[in-house]
1. Out of B:Val234, B:Val196, B:Val224, B:Val257, report the one residue that is out of contact with any helix residue (DSSP H, G or I) (no Cβ under 7 Å at 6 or more places or on another chain) and closer than 18 Å to B:Val30 by Cα.
2. Name, by its number, the condition in (1) more than 15 Å from the chain's Cα centre (by Cα); (2) surrounded by 16 or more Cβ atoms within 10 Å (Cβ to Cβ); (3) free of Cβ contacts under 8 Å to residues at least 24 places away in the same chain that does not hold for A:His69.
3. Does A:Ile146 fit the bill of being crowded, with 24+ Cβ neighbours inside 10 Å, over 20 Å from B:Glu165 (Cβ atoms) and at pLDDT 95 or above?
4. Can you name the condition, by its number, that A:Thr2 falls short on among (1) at pLDDT below 95; (2) within 10 Å of another protein chain (Cβ to nearest Cβ)?
5. What pairs come up if the first residue lies in the range B:123-140 and is at positive phi and in contact (Cβ under 8 Å) with a residue 24 or more places away in the chain, the second is crowded, with 19+ Cβ neighbours inside 10 Å and not in a helix (DSSP H, G or I), and their beta carbons are under 6 Å apart, counting only those six or more places apart or on different chains?
6. How many residues are farther than 17 Å from A:Gln203 by Cα and touching a helix residue (DSSP H, G or I) at 6+ places or on another chain (Cβ under 9 Å) when one looks only at the range A:16-37?
7. Sort out which residues of the range A:49-66 are facing chain B (nearest Cβ under 9 Å) and without any contact (Cβ under 8 Å) to a residue 40 or more places away in the chain, and write them in order of number.
8. Could you figure out which of (1) assigned to a loop (DSSP other than H, G, I, E, B); (2) touching a helix residue (DSSP H, G or I) at 6+ places or on another chain (Cβ under 9 Å) isn't true of B:Gly106?
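The values are calculated or read from the model by the stated rules, or taken from the named source; none is laboratory data. Fair warning: this is a prediction, and the values are worked out from it, not measured in the lab. When we count neighbours, we look across all protein chains shown, and the Cβ atoms used for this are built from the backbone with ideal geometry, even at glycine.
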Amino acid sequence: MTDLASNRLFTRALSIGYKDEVIVKGIDLALAGGQSLALIGTNGSGKSTLLKTLVGLLPPLAGDLNIVHPREIAYLSQFHSSGFILPLCAVDVVRMGRYAEHGLMGKLTSEDDDLIHLSLKRMGMEKYAEKPLRSLSGGQQQRVYIAQALARHAEVLVMDEPTSGLDAGAHEIYKQALTDEMQRGASIVVATHDIQEALECSQTLLLARKVIAYGPGTEVITPESLLETFGITINLREAKLGVTVIERDHCCDHPDERG
Amino acid sequence: MNLLVEPFVNNPFMLRALIAGLLVSVTCGVVGTFIVLRGLAFIGDALAHGVLPGIAIAMLIGVPGIIGAAVSAVIMIGGITVITNRSRLTSDTAIGLLFVGMLALGVVIVSRSSSFSGDLVHILFGEILGISTGSIVLQAIATAFIIAAAIVFARPFLLLCFSPEQAQVSGFSAKLYHYIMLAMIALAVIISFQTVGTMLVFGMLLAPAGAAALLARRIKYMIVYASILGFSSVYLGLLISYNFNLAAGSSIVLCAVLIFFIVFTIKNLQARHQARKGLALND
């Protein structure tokens with residue numbers, strides 16, 4: 001059995017879902033330090049459920065899940081409904097990324113402060129550090145949330161559709177930040193609808209309430225696998241990848257299962 | 001100037017009311033902040049009203065009302081948890097059920113006792129002008145406890161306000177700290193009902209914190225602003241009550257709600273002014 005000595009994340013025959021419903025079964029993954037894994041699939045395909053299982057928010061229903069200690073995992077969830085309500089400045093949100101390291105009362109050090117400001121800087125949000133979160137646009141708030149995940153300085157970053165709401169410039173900043181994270185040895189798991197992003201990752205897992213394909217993106221993203229995952233038609237003239245994605249929601253009975 | 005100070009200097013009951021009001025303001029400022037930020041207004045309202053049967057039964061059997069209120073609060077939180085966990089119903093349905101059920105039970109108990117009419121007014125609207133030194137000491141202890149809890153649990157509470165999932169993955173049990181927060185709300189309600197009454201304690205939990213949410217840029221300042229606005233309501237409400245012979249608890253809460261609408265109007269006018277300024281600059 002492959003262990004964490006070589007892999008930050010390792011699963012074998014993993015079944016995920018909620019207590020009364022298996023959503024995807026038979027997931028085999030192995031992700032080493034410095035590698036990235038993209039999860040692609042339609043809404044309801046099991047992406048968010050898998051991410052929540054990896055970070056410990058949901059228990060695995062069957063199979064093996066080996067991952068680094070929860071303290072070493074950063075998680076960026078898909079929904080942040082509180083951004084326009086909470087009286088917080090951008091730097092306060094990023095500072096929360098350091099709480100896992102210090103627990104209830106541990107004092108934050110100058111190293112933590114450096115990490116917090118570096119994370120804001122890496123997402124191009126340094127000048128907004130003292131701005132109230134609710135005064136920022138949706139895209140700027142998303143950059144602050146990504147900065148919070150970066151501030152964790154974790155061994156594994158797990159992110160659920162992190163590029164939603166980002167403009168082209170912010171998207172490039174985000175890509176550079178992920179490259180830097182992988183260069184320092186972190187592993188990245190990202191759920192995305194962006195097939196180009198998936199192609200740039202070390203591995204891709206295609207989900208449609210079952211595992212469609214898993215492996216290097218360039219090998220597993222094929223017209224056939226995309227057809228099975230999304231329901232697509234090939235259009236070589238119009239799209240960058242020669243595909244047009246037709247969104248087709250998979251059956252989703254559980255209210256918490258949204259991605 | 002004397003008019004503003006004299007009532008409190010010359011009347012020990014007014015001074016005790018002011019001190020009790022200060023403690024209620026701080027308690028409700030801390031707890032109300034989390035109620036507003038986490039959207040727990042309905043459970044706060046339900047707890048504030050649902051403690052009535054416990055208080056009524058305690059008074060019938062000659063036990064301090066605070067103990068009855070505490071038992072009621074535990075039953076309510078437990079009932080809401082059981083219904084939410086063991087059915088597909090949302091928590092607001094469970095809260096609503098317990099809320100009306102407990103309130104109805106309270107009224108049924110009160111209606112069976114002919115000696116209750118005077119006490120009922122005290123339960124519902126408080127007896128801040130007749131508060132004893134012992135009650136103030138108890139309230140001071142509860143206030144200190146709530147402040148200490150808010151300081152110790154500041155990180156998980158902040159994360160819970162931001163995202164319960166983020167709290168969980170940061171190593172803080174979202175469920176545990178949610179219940180600690182509910183216990184703090186219950187404590188605030190139980191300890192404040194003697195002062196402003198069960199009907200009005202909710203106003204003190206919500207109005208100052210709501211106004212503070214419009215003003216503050218950070219949660220710690222929101223707590224401070226809520227406490228200051230709450231105390232301002234207590235002071236003004238007591239003065240109005242003293243000078244015009246009006247019900248003290250209701251006067252205090254009316255002041256709190258009025259202050260909220262003043263802050264709300266000022267903030268809206270400010271936003272409109274800034275928007276106009278922005279348009280003028282663009283032209």
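1. That would be B:Val224, the only listed residue that is out of contact with any helix residue (DSSP H, G or I) (no Cβ under 7 Å at 6 or more places or on another chain) and closer than 18 Å to B:Val30 by Cα.
2. A:His69 satisfies every listed condition except (2).
3. no
4. Here A:Thr2 meets the rest and fails (2).
5. From the range B:123-140, the pairs are B:Gly126/B:Gly197.
6. Adding up the residues that qualify gives 5.
7. A:Lys52, A:Gly56, A:Leu57
8. (1)
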